[in-house]
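The next block holds one structure in the form of structure tokens; read it before the comments.
What follows draws every value from the coordinates through simple rules; no lab data is involved. All of these numbers come straight from a predicted model, not from anything done at the bench. No Cβ is skipped: glycine too gets one built from the backbone with ideal geometry, and neighbour counts run over all protein chains shown.
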There are 4 protein chains.
Amino acid sequence: MVIIMQTGAADSEVEAVIEAVEKAGFRPWINPGVERKVIALLGAVDAEKAELVDHFSALPGVERVTLISEPYKLASRRTHPEHSQIQVGPVSIGGRELAIIAGPCSIENREQMLEAAQAVKEAGANLLRGGAFKPRTSPYSFQGLGVSGLELLAEAGRLTGLPTVTEILHPADLKTIAEYVDVIQVGARNMQNFRLLQEVGQIGKPVILKRNPGCRIQDLLMASEYIMLEGNSNVVLCERGITSFENATRYTLDLNAIPVIKRFSHLPIIADPSHAAGDWRYVTAVALGAVAAGADGVMVEVHPDPPTALSDGPQSLRPEKFQDLMGSMARVAAAVGRHIGTLAEQA
Amino acid sequence: MVIIMQTGAADSEVEAVIEAVEKAGFRPWINPGVERKVIALLGAVDAEKAELVDHFSALPGVERVTLISEPYKLASRRTHPEHSQIQVGPVSIGGRELAIIAGPCSIENREQMLEAAQAVKEAGANLLRGGAFKPRTSPYSFQGLGVSGLELLAEAGRLTGLPTVTEILHPADLKTIAEYVDVIQVGARNMQNFRLLQEVGQIGKPVILKRNPGCRIQDLLMASEYIMLEGNSNVVLCERGITSFENATRYTLDLNAIPVIKRFSHLPIIADPSHAAGDWRYVTAVALGAVAAGADGVMVEVHPDPPTALSDGPQSLRPEKFQDLMGSMARVAAAVGRHIGTLAEQA
Amino acid sequence: MVIIMQTGAADSEVEAVIEAVEKAGFRPWINPGVERKVIALLGAVDAEKAELVDHFSALPGVERVTLISEPYKLASRRTHPEHSQIQVGPVSIGGRELAIIAGPCSIENREQMLEAAQAVKEAGANLLRGGAFKPRTSPYSFQGLGVSGLELLAEAGRLTGLPTVTEILHPADLKTIAEYVDVIQVGARNMQNFRLLQEVGQIGKPVILKRNPGCRIQDLLMASEYIMLEGNSNVVLCERGITSFENATRYTLDLNAIPVIKRFSHLPIIADPSHAAGDWRYVTAVALGAVAAGADGVMVEVHPDPPTALSDGPQSLRPEKFQDLMGSMARVAAAVGRHIGTLAEQA
Amino acid sequence: MVIIMQTGAADSEVEAVIEAVEKAGFRPWINPGVERKVIALLGAVDAEKAELVDHFSALPGVERVTLISEPYKLASRRTHPEHSQIQVGPVSIGGRELAIIAGPCSIENREQMLEAAQAVKEAGANLLRGGAFKPRTSPYSFQGLGVSGLELLAEAGRLTGLPTVTEILHPADLKTIAEYVDVIQVGARNMQNFRLLQEVGQIGKPVILKRNPGCRIQDLLMASEYIMLEGNSNVVLCERGITSFENATRYTLDLNAIPVIKRFSHLPIIADPSHAAGDWRYVTAVALGAVAAGADGVMVEVHPDPPTALSDGPQSLRPEKFQDLMGSMARVAAAVGRHIGTLAEQA
């Protein structure tokens, strides 16, 4: 059983609940260091808990009390049967229109960023991505432009009218990133950086949470729970390939994950064919497969000149290839009852 | 370097080639027990070999001499740049029309087989599957009806006009199976049963070769090479899910494998969403994803009454669900420039 | 529930049991094409079955009736609480003495085979391995000497006094192999070639069953059940590495599998560090690790001159390295209460 | 090529190097936000770089210039052929004495911590572990006592004389943690939290870096490079199990990783059998296997009363089981030329 306090509940109210829990014979656990207090009852069996729901619900400062039968609660479709839609500027991720998030892996310079932004806008993308803080396997690789990259991304967003997405690596950058971009991305490597998830959850902005390539679907849903428990339910999940023994591609897109997540969670799920395939030659096929399987969007790396890219060149599409992909995606989307914004308007 | 002898080359011709190889300073290796002799030169470096191609090509009984730079040769797109099309009755697998192979996992009795056959025929499938010899993880599970199952499958094929597919487990059954069915399936568990592959290759019938869930794409192509080297190039590959750490589904469909195989091989590649997902709830999403990604067809388990199925019930579609899938697949196929036979005719 | 008939039960007895099963309201399933008939009751719930054990046990020709709560029965430690020991010549695999099975991957010629045999004998191995029929990923690779290889292996066995082990690929070779060698090995690629398992089970000889690198421990135990159900309980399991995303080594030795198998099964479990590591540099460390973790023996590839080996050269130990390994293994074995025959005698 | 500046090099010196790099025709890349500046030359081919080593080495403020042929440099055995030994109190990790790091998963209260500390000390452990900040898959699970946990750990360390180890989750906690403990652990989930690695690297304390279960050995070595590049070469690697398809255990210990890491890196490598197996029943076998394979130590979870543990109870050893393990480990260690401190002294 979990007792979720109201945001801003007084310390005395929290203490009174704790006392009540102890009096009822259970050990209370309180999540530390976050705004919204959640008190879990450790060691209690389900039957005992059920009787106490009303008792605890009535205490001052308590928002709600829930009996958790599956490990994730807020992300579960049981507690939220309809699909969630996350509004980002004019796009409603999880609705009938697909989210097409495109742009370069890394922001490298003004010319590259603006050119990429213009190209993806023209092709029909509705969100602009660009990395300013890059998590690189090697310390000798390009690590991103940092804040000056954020400025370029924001400028490109303004010029094209596209909402922007960038990745957070370090909690210290959170406020700065939140000032510059519309959507905060938690990358695969930080999917279980739980403290970062909590801090990101305390910012109101929509979050794209990428699946760690070594983690199960349930772990991804549990990670989203960390964000949602802070009061931010604007979470978009992203399947970007898992590790497997197959070495013909960089990762293995877990196509099954799309219908599985749709079954168990109300959160939107998008796919990242660029990382999953790791080779531009396969990106179109994988993107179309994901859309046909029900993905709510795709995140695609597009670079004006992939061979000179400072990161992920081999898996980045040239603008003209991306335009072709958009045409194909519009047809496949239509075949499964979805559409792509710009192209749909033209029709 | 590999010296491929003509089928029916005389023993004296083979011996003369071996002598020539030894004289040139190399150790010959001859594939044993198969009709078409292939003599490989062991221990030779590439540069040395290249000079000898003409020398050996000129010997009597030699069909061709090839320098192999990639591990598979006959399956490679380099030696056969256009897509292969495998003709099975009226269907050309690998052409614009998708191969839709449907039917029950196991043939259980006459009523079930005929009902399933009628249902998949009406929904637009163009090949009929049914297992008579079943490879079961447990010796206590139903192992198939054997020859009497083949008879039922053949009857169902005649009644519906659909070509039939069944799996071979034991070399001793090969001739019997070949009498009853149109396409022989080598299941995932026998993908590297090389002797079986060779014997299947000596039968002229088209072969569906399923990927072993623990094997790489390259291993699958090498396995197809065993069949093709026997003179049978009518091989259809099938991606049916690989093992991974994800346990929300039975296997993980390797969507990437579809464009990868299309790039490196000319052989058709189909997908089996039933085994990959292991749950009927996910079959439609996975099937559509595979078709959008470029699969040349799908193999789907359909059972008139899944809860009573003697094998794979949880992943089998009811006929009405299969009909829905066919409708969706027709739309997705059209979106990627393919079509489904029956439905296309109706349009 | 499974009704196991006596070997040689009359057809009329089998039919009477089937009738009784149907009369009791269940669907009988009979394993086809094997000597010992096993009749399983399909569709029955456990409670119903329990009451019928005595009823069916009393029928003529019935050997025993078992309620199966775990998927494997004969391999389970529940039905056989003490460790099984498989006697092979003077060695008792599963006892305190470790089984050290060594020799070349492939038998290449008389000199190589005898030299390798002499070397491993001198170093203290107690079983001699050599491949005559080789399952090779590529059809262009050396496929083994066949029967003439078996003759060389048998000769080497006679000369050294070591019992011999070789791999079976094709059911047609079974009788020939059984004439020449003491232990039949079912290789990883055939672990789920169930029909081969059944036929091997009908031969009385001890069997080494290697784990398929893509299969779970439970699948391995189920595969052993196929052999044991034919009346042959002389099965030795072998962990030889599983597939994983790690590509620094050929496979990943699943060390955990050793205590897991010891917990759930009474069958001996040995390890194959040569295949698991795929590089002779790692073989010693992996072999010692397996012995310390409780393996009942190891299978190691030893070749007089690895660089010229026709298969698995990179992972084969030179005789002198093998001798070093034996010394280290003797010390580690002693540390965990086991010993190596020859060396222990010398001590 | 990488130009490593001296710690505290003047900005003007860094700028002069950058200018020199650009003048030589290359694009410089500077790692941002860390104390020790490293300037990488992007886009340069190896041959060109080699000629410039002396040129750049001579510039003021440059510590050294290295041509990197493998992706990790400082962690490579090529640059440091002998084994590294990391001194922690009286223990030299990587030397002949094994590091035995034991204690509870989570610090729960004073009594539990002191009891566990006393028990592992008596059994012969030479480092004490205890988690104060816990990375938990579920936000509803116990997240650790935080700073008050650190206080208890420090007290237990003082009372037993054992150096202490705890895990860092959030950069903000780094200084506090460094005040309380002797060794900082970066957990598996943060192995690629590169910014955290950099900050940890700037603290002089020894670091235990655990392998992420979805990451390759090479990724682990690259992660250690992030720490070492900050000037902290006191890094101990830890293999704690990787994800695989096997579900009989929580993770799969990658035993091969031990000799692989020993071959390519000079850093000590220890094993964590508790997480790798996930079940106390297997911990002893796995620990012994790791030691026999050459691990420089083990990290074992020990709890006075596992059933009441707030985390990882099922994989924690009771003190008496741990004592048994220590006895067995002493024997296996001796068999491979290593020893355990206390017990060795007693012998």
Task: Cut-off under 5 Å, modelled amide H: who pairs with B:His339 long-range - done: B:Glu97, B:Leu98
Task: Axis-nearest residue in chain B [Cβ, rotation onto C], distance in whole Å - done: B:Gly214, 1
- [ ] For A:Lys134, list long-range residues whose amide hydrogen, built 1.01 Å from N in the peptide plane, is under 5 Å from its own amide hydrogen.
- [x] A:Gly144
Open item on the list: Ordered shortest first, which distances in nm separate the 7 Å Cα→C-beta label point of B:Gly337 from those of the other copies?
Closed with: 2.9, 6.3, 6.8
- [ ] Using the Cα centre as the reference, give the magnitude of the dipole from point charges on the C-beta atoms of chain A (Lys, Arg: +1; Asp, Glu: -1; all else neutral), rounded to the nearest 20 debye.
- [x] 620
TODO: Return the lysines within reach of A:Lys205: Cα separation strictly under 23 angstrom, same-chain partners fewer than 8 residues apart disregarded; answer none if there are no such residues.
DONE: A:Lys37, A:Lys73, A:Lys121, A:Lys134, A:Lys175, A:Lys262
- [ ] State the percent of C-alpha pairs, over all pairs in segment D:154-260, separated by a distance greater than 21 angstrom.
- [x] 38
Open item on the list: To test your reading of the geometry: what angle, between 0 and 90 degrees and rounded to tens, separates the Cα axis of helix D:110-123 from the longest principal axis of chain D?
Closed with: 90
TODO: Could you work out, for the protein assembly as shown, what percent of all Cα-Cα pairs fall into each 10 Å distance bin, beginning at 0 Å and stopping at the bin that holds the largest distance?
DONE: 2, 8, 15, 20, 22, 19, 11, 4, 1, 0
Open item on the list: Give me the inter-chain shielding for C:263-276: mean count of other chain Cβ atoms within 10 Å, whole number please.
Closed with: 1
Task: Degrees separating the helix A:147-160 axis from the principal Cα axis of chain A, which is the longest one - done: 70
Task: Nearest-first distances (nm) between copies at A:Val147, label 7 Å from Cα via Cβ - done: 2.8, 8.3, 8.4
Open item on the list: What are the ³J(HN,Hα) couplings of segment D:184-189, residue after residue, when phi is run through the Karplus curve with 6.51, -1.76, 1.60 and θ = phi - 60°? Round to Hz, x for glycine and proline.
Closed with: 9, 9, 9, x, 4, 5
Task: Residue-averaged beta-carbon neighbours from other chains (10 angstrom radius) around B:247-254 - done: 6
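For peptide A:192-204, how many partner chain Cβ atoms fall within 10 Å of a residue's Cβ, on average? Before the final figure, lay out each step's value.
Details: counts 9, 8, 12, 9, 6, 1, 3, 2, 0, 1, 0, 0, 0.
The mean count of partner-chain Cβ atoms within 10 Å per residue comes to 4.
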TODO: Mind jotting down the distance between the C-alpha centroids of segment D:51-98 and segment D:1-33, whole Å?
DONE: 20
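Just want the ordering: D:Glu70, A:Glu97, A:Glu82, from fewest to most Cβ atoms lying within 10 Å of their own Cβ. Write out the running numbers ahead of the final one.
On the way: D:Glu70 13, A:Glu97 21, A:Glu82 8.
Fewest-to-most ranking of D:Glu70, A:Glu97, A:Glu82: A:Glu82, D:Glu70, A:Glu97.
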TODO: Sort the following peptides by mean Cβ neighbour count (other Cβ atoms within 10 Å, averaged over residues), highest first: D:130-136, D:3-9, B:189-195.
DONE: B:189-195, D:130-136, D:3-9
Open item on the list: Among B:123-129, C:73-79, D:115-121, how do they line up by average Cβ neighbours within 10 Å per residue, starting with the highest?
Closed with: B:123-129, D:115-121, C:73-79
Task: Over segment C:86-346, relative contact order from alpha-carbon pairs under 8 Å, at least 6 apart, % - done: 20
- [ ] Calculate for the protein assembly as shown the 222 nm mean residue ellipticity that helices alone would give, adding -39,500 (n - 2.57) per DSSP H run of length 4 or more and normalising by residue count, nearest 500 deg cm²/dmol.
- [x] -11000 deg cm²/dmol
Task: Label 7 Å beyond Cα on the Cβ vector: B:Pro314 copy-to-copy distances, nm - done: 1.8, 3.7, 3.8
Open item on the list: For a protection proxy built on the mean count of beta-carbon atoms within 10 angstrom, sort B:242-254, A:142-154 highest first, please.
Closed with: B:242-254, A:142-154
Task: Under 12 Å, Cβ to Cβ, from B:Pro28 - net charge with Lys/Arg +1 and Asp/Glu -1 - done: 0
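If you take every DSSP beta bridge fully contained in the protein assembly as shown, what fraction is antiparallel? Give it as a percent rounded to 5. Please list the in-between numbers first.
Details: 66 of 174 bridges.
Of the beta bridges lying entirely in the protein assembly as shown, close to 40 percent run antiparallel.
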Open item on the list: What is the angle, in °, between the Cα long axis of helix C:11-23 and the longest principal axis of the Cα atoms in chain C? Nearest 10 is fine, range 0 to 90.
Closed with: 60
- [ ] Let me know the Rg and Dmax you get for chain B when you use only its Cα atoms, in Å.
- [x] 21.4, 67
Open item on the list: Spelling out what I want: for every residue of segment D:325-339, take phi, set θ = phi - 60°, compute 6.51 cos²θ - 1.76 cosθ + 1.60 (Karplus), and round to whole Hz; glycine and proline get x.
Closed with: 4, 4, x, 5, 5, 4, 5, 5, 4, 4, 5, 10, x, 10, 8
- [ ] Identify all aspartates and glutamates with a Cα-Cα distance to A:Lys321 below 17 Å; exclude those on the same chain that are fewer than 8 residues away in sequence.
- [x] A:Glu115, A:Glu122, A:Asp272, A:Asp279, A:Glu301, A:Asp305, A:Asp312
Open item on the list: Using amide H atoms built in the peptide plane, which far-off residues or other-chain residues are under 5 Å from C:Ile242 H to H?
Closed with: C:Thr252, C:Leu253, C:Asp254
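How many percent of DSSP beta bridges within segment C:86-346 run antiparallel, rounded to 5?
Working: 4 of 31 bridges.
Once the DSSP bridges in segment C:86-346 are tallied, antiparallel ones form about 15 percent.
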Open item on the list: Taking θ = phi - 60°, what integer Hz values does the Karplus form 6.51 cos²θ - 1.76 cosθ + 1.60 yield along segment C:124-133, in sequence order, with x for Gly and Pro?
Closed with: x, 5, 10, 9, 10, 10, x, x, 9, 10
